[in-house]
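Beneath this line is the structure, given in structure tokens, with notes to follow.
The values are calculated or read from the model by the stated rules, or taken from the named source; none is laboratory data. The shown structure was predicted, so the numbers you read here are calculated from the model rather than taken from an experiment. Here the Cβ positions follow ideal geometry from the backbone for every residue, glycine too, while neighbour counts run over all protein chains shown.
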Amino acid sequence: MRRLGGAARWWLDQSLRALDRDLRGRGASLTLQRGRATAIVPELAAECGAASVCWNRRYDQAGVAADAAVAEDLAARAIASESFPGTLLFEPGAVKTAAGLPFAVFTPFWRRARQLGEPRPPLRAPERIDGARAIPSETLGDWKLAPTAPDWAGGLRATWIPGEAGGRARAQAFLDTALAGYATLRDRPDRAGTSRLSAHLRFGEVSACQLWHAAHAARDARRDAQIAPGDVEKFLSELGWREFAYHLLHHHPDLATRNFQSRFDAFPWASDGPGLRAWQDGRTGYPIVDAGMRELWTTGWMHNRVRMIAASFLVKHLLLDWRLGESWFWDTLVDADPANNPAGWQWVAGSGADAAPYFRIFSPVLQGEKFDPAGAYVRRWVPELARLPAEFIHAPWRASDRALAAAGITLGDSYPRPIVDHQAARVRALASLASLKTGKA
């Protein structure tokens, strides 16, 4: 089982505390015990006198194996068990090609999934839960999920409210304010145009089924508002991308470590420790990339469009292995997900299923100018550039000495020069791709 990264461990700590509060409000409490599930779950069930044990299915290889082993051990004790598809809209076995194979391209996958009908409606939470008699429990402090010294989670606490109540509030805010216009504004990091629900989804505080039906309900309730059918369909397709990633993981359990397309096994990745560190620190000299990496470090989250830009920069400008970036995101994202994180990185790298072609190389300057035209996003996260005119905010090296001085900027000192030239990096990346075709990697 893959160990959670630091930011996700912080979220889990807060989410479990919220869950315990919610359970206590309904007459139960949360029991925490560590060890192998095959040993602990049957013992707890027997101690509680449980007639059956239920859980939501997992789809990673280790999770599937553990679930099967727990069910077997429960059966040996004459305790029934049942698992449910609470994590996904559609089960991996349900979405197949005409030949009965899993899809490797999103569009036909999603078309087939939509033919399966509406996902099941969510159930209401019980008002009362008859808690079992007191069972010894560890404390969350025992688990040491949250940082102590140094406490680096201040930005996370200021940004997020983990837990089911926080997820419901976040979902309602999105439906009320950002679903309208979602199809056009979701790519703008300078606007509040995304749902920001990814971490709540990742930790099961809201479900994809809940969001599916809530989006339709919001549209139906506000027909006089600006929620267009395209807004709802685009949001549903984003849930579909999450679904697609989980289906990929189910069929390809080594998604985080192995190229989906084996031809990339011969790709001539570079070795650039200083470049990797500059990227991690948000000191590449490309403002849109640096803004994203600093947002990530501070809040544990990054806007999806900027994730693509930052990932493309690492893989194609610095020619660094996508697994280095995937590992960094795994440790720093509160929504670090075993399916979406590697699937997204492989998509950008060109090595994955339904991947963006490797020769699609984002220009950080053009991407910044298109999606953050006034530079508001950059000004927020790269404050040393805040006084620079919009025409130079995404390429400060193009500003005159007078403009730089007026903005209080000294390139190479207060803000770095680009660590790599875009055009030169593009030529090198395309040559590396060509080496795969010629076998000269």
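Annotations
- Unique match (being in contact (Cβ under 8 Å) with a residue 60 or more places away in the chain and either buried (at least 18 other Cβ atoms within 10 Å of the Cβ) or outside any helix (DSSP H, G or I) (or both)) among LEU44, LEU30, LEU23: LEU30
- Residue match in the stretch 184-192 (condition: crowded, with 18+ Cβ neighbours inside 10 Å, more than 30 Å from ALA431 (Cα to Cα) and free of Cβ contacts under 8 Å to residues at least 60 places away in the same chain): no
- The helices (runs of 4 or more DSSP H) located wholly in the stretch 357-441 that include 2 or more residues which are within 21 Å of PRO274 (Cα to Cα) occupy 422-438.
- Residue in the stretch 335-346 that is at positive phi, touching a helix residue (DSSP H, G or I) at 6+ places or on another chain (Cβ under 6 Å) and either modelled with pLDDT of 95 or more or basic (Lys, Arg) (or both) present: no
- Within the stretch 212-269, considering residues that are within 28 Å of VAL64 (Cα to Cα) and of a type in the set (Gly, Ala, Ser), the one farthest from the chain's Cα centre (by Cα): SER262
- Across the stretch 246-256, not a single residue is classified as under 30 Å from HIS394 (Cβ atoms), buried (at least 22 other Cβ atoms within 10 Å of the Cβ) and at pLDDT 95 or above.
- Exactly one residue out of GLU233, GLU295, GLU238 is assigned to a helix (DSSP H, G or I) and within 30 Å of TRP152 (Cα to Cα), and it is GLU295.
- Any pair with Cβ under 7 angstrom, 6 or more apart, that starts in the stretch 239-258 at a residue that is under 15 Å from PHE103 (Cα atoms) and assigned by TED's automatic domain parsing to the domain that holds ASN341 and ends at one that is among the hydroxyl-bearing types (Ser, Thr, Tyr) and in a helix (DSSP H, G or I): none
- Only a single criterion out of (1) surrounded by 22 or more Cβ atoms within 10 Å (Cβ to Cβ); (2) at pLDDT 95 or above is not satisfied by TYR415, namely (1).
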